[in-house]
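Take a look at the structure set out below.
The values are calculated or read from the model by the stated rules, or taken from the named source; none is laboratory data. None of the values given here were measured: they were computed from a predicted structure. Cβ: placed from backbone, ideal geometry, glycine included. Neighbour counts: every protein chain shown. When the accessible area is computed, the model is the full protein with side chains, heavy atoms only, and any ligands, DNA or RNA have been set aside. Shrake-Rupley method; radii C 1.70, N 1.55, O 1.52, S 1.80 Å.
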Amino acid sequence: MDVLTDVLSVLELKGWISARRELTPPWRYDFAASQDMIFHLLGSGSGYLFFKGDPTPLRVEEGAVLLFPFGHAHSICDEPASPLTQVLHVDYDEQREYQGFAGASDESKMSVLCGAFHVEHPGAFPLLHSLPQVIHIPAEQGRTVPGFTEIVQLIAREATTPRLGTQVMLRRLTELLFIHVIRVWVEQQAASTPGWVAALRDQPISTALGLIHQSPEQRWTVEELAEAVALSRSVFSARFTRLVGEPPITYLTHWRMHRATRLLKDNVEIEKIAELLGYESAVAFHKAFKREVGKTPARYRKLG
């Protein structure tokens, strides 16, 4: 079981591009903190990235991709001393159409595509907790990853020359971009990196995660999982908790709830969901769901 694929598939991610801007020096855009992830694709030119309260800039070059997993406030400018051009709010809004803002092309030093990713219940996924405040993928690194540069180029082309169906094309392409960015980030982490990424690289814990994801209906115990990966119960439990961030059975319960919310949205019968997720009865599932999610399954389905 590819655990990363399984997690990414249930994020209920939605991608959206708000605008493309051609920037004429001097310029500085301040991006307000967002409840969603913010991303930028840098076209021609170069500039600097600042975080609020951090005086040290990050140099960003043509072709780079920037992802802000927690929507941190930040600034992008052509030079550190450039005056403020505008404060922008980038929050996912699928009803608002993509816009292009042209500058003086002969003087432009930078073109930027800005957008957002929206995830249902972002706090529930250990993977997202592990991400840094910004993921910066320079163009030269992107070129080493099969398909990465092509996705970026397709997005830029579609945004530069809108055609029939551009809105839906941009949404689908940005969702693919997110998967590529996460894959690149995971692969570039050092072997000593702590957290959920380390869990994916730790063979016994990765195997245990795969078992949970592949068979959430099985009534796993810590002993059974430990035996399946050839570790003692105490060593396995401590190692799993340290790397994943929560004990094995807590993770199993949370994963079942993620699956349950998706099945409820798909209008699967509650009795069937209970069976698929390993609960003795619909009543047992009802109690577990209300305890973990804070709503009854029926209420969640109605509101969702």
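Take the eigenvalues of the Cα gyration tensor for segment 29-186, scale each by 5, and report the square roots as semi-axes in whole Å, largest first.
Numbers: eigenvalues 92, 83, 57 Å².
Semi-axis lengths for segment 29-186 are 21, 20, 17 Å.
Place +1 on the Cβ of every Lys and Arg and -1 on the Cβ of every Asp and Glu in segment 1-120, take the dipole about the Cα centre, and give the residue among Tyr92, Phe50, Trp16 whose Cα lies farthest towards its positive end.
Phe50
Work out how much length Leu303 to Leu154 would gain on full extension: take 0.36 nm times their residue separation and subtract the Cα-Cα distance, in nm to one decimal.
Details: separation 149, 0.36 × 149 = 53.64 nm, distance 3.63 nm.
Contour length minus the Cα-Cα distance gives 50.0 nm.
Taking the Cα centre of segment 55-176 as origin, work out the dipole magnitude from +1 charges on Lys and Arg Cβ and -1 charges on Asp and Glu Cβ, in debye rounded to 20.
So the magnitude is around 200 debye.
Would you list the P(r) distribution for segment 190-304, with all Cα-Cα distances sorted into 5 Å bins from 0 and each bin expressed as a whole %?
2, 12, 22, 20, 14, 13, 11, 5, 2, 0
Top to bottom by accessible area (1.4 Å), largest first, where do Arg143, Arg256, Arg301, Arg183 land? The partial results should precede the final answer.
Details: Arg143 160, Arg256 20, Arg301 65, Arg183 115 Å².
Reading off the accessible areas and sorting them downward yields Arg143, Arg183, Arg301, Arg256.
Give the residue from Pro126, Met257, Val3 lying farthest towards the positive end of the charge dipole for the chain; charges sit on Cβ (+1 for Lys and Arg, -1 for Asp and Glu) and the dipole is referred to the Cα centre.
Looking along the dipole axis, the top candidate is Met257.
Treating the beta-carbon of each Lys and Arg as +1 and of each Asp and Glu as -1, no other charges, what is the dipole magnitude of the chain about its Cα centre, to the nearest 20 debye?
Details: 31 positive and 35 negative charges, 149 e Å.
Here the chain has a charge dipole of around 720 debye.
Counting C-alpha atoms alone, how compact is the chain: give Rg to one decimal and Dmax as a whole number, in angstrom.
21.9, 69
Given H placed on each backbone N at 1.01 Å, which residues far from Val60 in sequence or on other chains put an amide H within less than 5 Å of it?
Gly47, Tyr48, Leu49
Counting only Cα atoms, I'd like the Rg/Rh figure for segment 63-102, Kirkwood definition for Rh. Let's see the in-between values first.
Working: Rg = 12.8 Å, Rh = 13.2 Å.
Looking at segment 63-102, the ratio lands at 0.97.
Calculate for the chain the 222 nm mean residue ellipticity that helices alone would give, adding -39,500 (n - 2.57) per DSSP H run of length 4 or more and normalising by residue count, nearest 500 deg cm²/dmol. Display every interim value, and only then the final one.
Numbers: 13 runs with 132 residues, N = 304.
Value at 222 nm, helices only, nearest 500: -13000 deg cm²/dmol.
Quick one: in segment 29-79, what % of C-alpha pairs are over 14 Å apart? List each step's numbers first, then the result.
Values: 621 of 1275 pairs.
Beyond 14 Å sits 49 percent of the P(r) for segment 29-79.
In whole Hz and in residue order, list the ³J(HN,Hα) couplings for segment 54-61 that follow from phi through the Karplus curve 6.51 cos²θ - 1.76 cosθ + 1.60, θ = phi - 60°; x for Gly and Pro.
10, x, 8, x, 10, 6, 10, 10
Rounded, prolate or oblate: pick one for segment 105-243, where a ≥ b ≥ c are the square roots of the eigenvalues of its C-alpha gyration tensor, a/c under 1.5 means rounded, and failing that, prolate if a/b is larger than b/c, else oblate.
Prolate is the answer for segment 105-243, as a/c is 1.5 or above and a/b outweighs b/c.
Working from the pairwise distances between different alpha carbons, so that the mean of 1/r is found and then inverted, what is segment 227-275's Kirkwood radius in Å? It would help to have the intermediate numbers written out before the result.
Numbers: mean 1/r = 0.0800 Å⁻¹.
By the Kirkwood definition, the hydrodynamic radius is 12.5 Å.
About its Cα centre, how strong a charge dipole does segment 165-245 have in debye, to the nearest 20, once Lys and Arg get +1 and Asp and Glu get -1 at the Cβ?
260 debye
Would you grab the residues whose amide H sits under 5 Å from the one on Trp16? Only those 5+ places off in sequence or on another chain, please, with H modelled 1.01 Å from N.
Ala116
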